[in-house]
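The values are calculated or read from the model by the stated rules, or taken from the named source; none is laboratory data. Being a predicted model, the structure only gives us computed values, none of them experimental. Reconstructed Cβ throughout: ideal geometry from the backbone, glycine too, with neighbour counts over all protein chains shown. For the accessible areas, the whole protein counts, side chains as well, though only heavy atoms, and no ligand, DNA or RNA atoms are used. Shrake-Rupley method; radii C 1.70, N 1.55, O 1.52, S 1.80 Å.
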Amino acid sequence: MNELFRKFSHTVSNAVGTSWAFLIALLLVIVWAATGPIFQYSSAWQLVINTGTTIITFLMIFLVQNSQNRDSKSIELKLDELIHAQKHAHNTLMGIENKSDEELEKMHNEVEAEKIVRAKKRKKK
């Protein structure tokens, strides 16, 4: 089931991220707006677009989030591998995505302080 959902969400995310998907959605909105006078801008006419967009948005959130989660994990793994492969890299940054906000802020401050020290050393040379 998970593999089927992964493939489906990946396919749909790729498809809806295209200019063609945007143009189709835009065309549907234009057709809907153009039919307003025909249906006398009735509540049912408005309900069609409201319900349709709400349902599509609700479902797309889950599909896109699944793809984004996979992409984030892939990038994290690639970065961890690059950090691990470097001699002078701070291996403490590996797995940083699991740290608390306080730990992240502390590490951020340490990295910023180290940047300043490095910049001063470069100026001296």
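Here the Karplus curve 6.51 cos²θ - 1.76 cosθ + 1.60, taken at θ = phi - 60°, turns the phi angles of the range 24-34 into couplings of 5, 5, 4, 4, 4, 5, 5, 4, 4, 5, 5 Hz, with x standing for Gly and Pro. A DSSP coil position with no more than 12 other Cβ atoms inside 10 Å describes the following chymotrypsin sites (Phe, Trp or Tyr not before Pro) in the range 35-125: Y41. Considering all different alpha carbon pairs of the chain, the Kirkwood hydrodynamic radius works out to 19.5 Å.
When the Cα convex hull of the range 41-82 is projected onto planes of every orientation, the mean area is 3.2 nm². Dimensions of the range 59-125 based on its C-alpha atoms, expressed as ranges along the principal axes with the largest first, amount to 57, 27, 19 Å. Across F22, F8, the residue with the most accessible area heads the list, and the full order at a 1.4 Å probe is F22, F8. The accessible area of K106, taken with all protein chains in place and a 1.4 Å probe, comes to roughly 130 Å².
Across the range 10-58, the volume of the C-alpha convex hull divided among the residues equals 59 Å³ per residue. H10 contributes about 90 Å² of solvent-accessible surface, heavy atoms of the protein only, 1.4 Å probe.
Each residue, S72 and E112, gets one label point 7 Å from its Cα in the Cβ direction; the gap between the two is 2.3 nm.
Sequence-distant contacts, meaning Cα pairs under 8 Å at least 6 residues apart, place the relative contact order of the chain at 24 percent.
Once all protein chains are placed together, R70 keeps about 120 Å² accessible to a 1.4 angstrom probe. Listed by chain and number, the lysines placed with their C-alpha closer than 18 angstrom to that of K73 are K7, K99; residues fewer than eight positions away on the same chain are left out.
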